[in-house]
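Structure record follows, encoded as structure tokens.
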Amino acid sequence: HGTSKINAQGHLEIGGCDTADLAAQFGTPLYIVDEALVRQRAREYVESFRASGLKFQVAYASKAFSVMAMCAIAEQEGLSLDVVSDGELYTALKAGFPAARIHFHGNNKTPEEINMALDANIGCFVVDNFDEMHLLNALAGDKGKKVNVLLRITPGVEAHTHEYISTGQTDSKFGFDLGNGTAYKAIQEADAQPNLELLGVHSHIGSQIFEVEGFQMAVDKVAGFAVQVREELNITFRVINLGGGFGIRYVEGDTPLPISQYVKAITDSIKTNFSNAGYPLPEIWVEPGRSMVGDAGTTLYTIGTSKEIPGVRKYIAVDGGMTDNPRPALYESKYEAILANRANAPLEETVTVAGKCCESGDKLIIDLELPKSESGDLLAVFCTGAYNYAMASNYNRIRRPAVVFVKDGAADLAVKRESLDDIIGNDVIPARMQQTS
Ligand code: LLP
């Protein structure tokens, strides 16, 4: 998919770059991002919303993959940006991302983070709870500012997804609960804060969702709430943010719809619900992360050792693992992979791909069909663009890989590989431990 293909040498090629050349030039493990595919996904969102005729913002959820180069692409494609920490905010601002298109999320923004965002004049704060509402109002007041807010509500819609990544149920750490009346109270209270400009509400029902029904249910709930609030409190929402969560295909059996179909389901359902109620059509915002970058990323590893346990399984070990992709260990996520330097070779054996961390659970793929591989071969694991680099760690003091963006035969470094000095860069030995005996 995307610009990936197998070239005349039988090598995997992405963005016109031979992955064997990329491995030689940049080393492995290496995150490779198919820039054309990222831009294509961004355009699918923007064009689908444009076709709806509604006012909209497509905010890339930078938590999926926050690096300055990605912020630059989001900016060029006319996206907005969702950030959830000072680190993501700083990344965006340093990349020159327009502050007015930045939305700040999170259930425990610190006063320092809020002040940083206020000083930058970001476009919108998504307020998660009462404490934050009061803090934000006070800090904005200190600076003589009035800031745009959405209130995050928990609509009580449970999307079909892995338990760990559901955020829409009632028992969630996020947002004001709709079912028990908390959201209603929050609207009244937000409306009364002198330094907050209430634009509307936000809801996010989960991640890696394939069906449109969950989103339609969320729209029904939010629209019902909007109508009630308008009738009873005379407050009209100008913005409805429906979060992210649009699924992608990692492996066979994953059945995402084209982006245009999610957008159409949402915008149709907004039009129906709000028009029927005689409600002025709100602006629709979404926050896709995974579906913007997930399938544009490939991780390239070098195969090292292998171990055959007769009658049980064969392990092949790669030069990365749960440090660059913790998702299999955390969520039992499934991935597909090929031998990148002999991509046309017949599949001859079933192997389990292990990482190099000192942890038995550090397995990237269980039962992968591969050609017979040997030490030095390259393994390409697909769909690693989202929540891989973003969730990478230095466990075992393993260095985080480099990230390259490839397009039309050009490969450009977006993140340098960490050095051993980066690993100890923040270490200090307290003076009392430096005494010689
Ligand atoms: N908006 C909000 C408020 C969110 O909490 C999230 C994801 C998104 C947008 C973007 O969702 P997406 O379109 O990427 O599904 N680490 C997990 C995923 C956690 C998602 C958290 N929130 C994973 O690797 O699957």
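The numbers here are math on the coordinates, done by the rules we state, and not lab data. In this text, all values refer to a predicted model and were calculated from it rather than measured experimentally. As a convention, Cβ positions derive from the backbone with ideal geometry for all residues, glycine included, and neighbour counts pool all protein chains shown.
A few notes on this one:
- Solution diffusion estimate, µm²/s, Stokes-Einstein, the stretch 35-293, Kirkwood Rh from C-alpha pairs, 20 °C, viscosity 1.002 mPa s: 117
- Where labels lie 7 Å past Cα in the beta-carbon direction, separation of ARG43 and MET433 in nm: 5.4
- Remark: the stretch 258-271, residue by residue, has Karplus-estimated 3J(HN,Hα) of x, 3, 4, 6, 5, 5, 5, 4, 5, 5, 4, 5, 5, 4 Hz, where x stands for each Gly or Pro and the curve is 6.51 cos²θ - 1.76 cosθ + 1.60 at θ = phi - 60°.
- With neighbour counts taken as other beta-carbon atoms within 10 Å, the residues VAL126, VAL147 rank, fewest first, as VAL147, VAL126.
- Where only DSSP H runs of four or more residues are counted, the chain gives -9000 deg cm²/dmol as its mean residue ellipticity at 222 nm, each run worth -39500 (n - 2.57).
- Cut-off under 5 Å, modelled amide H: who pairs with GLN57 long-range: ILE284, TRP285, VAL286
- Choice from GLU158, GLU112, GLU232 showing the highest fluctuation, given a GNM over the chain with Cα pairs closer than 10 Å: GLU232
- The DSSP beta bridges internal to the chain are antiparallel in roughly 45% of cases.
- Point-to-point label distance, GLU231-GLU348, nm (Cα→Cβ direction, 7 Å offset): 7.1
- The Cα trace of the stretch 294-437 gives Rg and Dmax of 17.6, 63 Å, the first to one decimal, the second as a whole number.
- Sparsely packed trypsin sites (Lys or Arg not before Pro) within the stretch 96-152, loop by DSSP, other Cβ within 10 Å at most 16: LYS143, LYS145, LYS146
- Amide H partners (placed H, <5 Å) of VAL201, local residues excluded: LEU151, VAL239, ASN241
- Within a straight-line Cα-Cα reach of under 19 Å, LYS146 can be paired with the following lysines, leaving aside sequence neighbours fewer than 8 residues apart in one chain: LYS109.
- Normalised by 2.2 N^0.38 Å, where N is the number of residues, the C-alpha radius of gyration of the chain stands at 1.06.
- Across LYS5/LYS314; LYS334/LYS356; LYS334/LYS416; LYS356/LYS416; LYS55/LYS143; LYS314/LYS334, pairs whose alpha-carbon gap is larger than 24 Å: LYS5/LYS314; LYS334/LYS416; LYS55/LYS143
- Of the peptides 326-339, 372-385, the ranking by mean beta-carbon count within 10 Å, highest at the top, reads 372-385, 326-339.
- Along the stretch 59-74 the Karplus relation, 6.51 cos²θ - 1.76 cosθ + 1.60 evaluated at θ = phi - 60°, assigns HN-Hα couplings of 9, 5, 7, 5, 4, 5, 5, 9, 9, 4, 4, 5, 4, 5, 5, 4 Hz to successive residues, with x for each Gly and Pro.
- Relative contact order (%) - criterion: Cα under 8 Å, at least six apart; region: the stretch 174-265: 32
- Kirkwood hydrodynamic radius (C-alpha pairs) into Stokes-Einstein, the stretch 207-283, 25 °C and 0.890 mPa s, D in µm²/s: 183
- In this rough spin-label picture, where each label sits 7 Å from Cα along the Cβ direction, the ASP119-ARG238 distance is 2.8 nm.
- Rg and Dmax [Cα atoms of the stretch 294-375; Å; Rg one decimal, Dmax integer]: 12.2, 37
- Placing R0 at 60 angstrom, the Cβ-Cβ distance between ARG50 and ASP367 gives a FRET efficiency of 0.85 after rounding to 0.05.
- Using a Förster distance of 60 Å, the FRET efficiency for ASN108-GLN9 (Cβ separation, nearest 0.05): 0.75
- FRET efficiency estimate (nearest 0.05) - Cβ-Cβ, GLU283 to LEU257, R0 25 angstrom: 0.60
- Additional length obtainable on full extension of the chain from ASP422 to SER393, 0.36 nm per residue less Cα span: 9.2 nm
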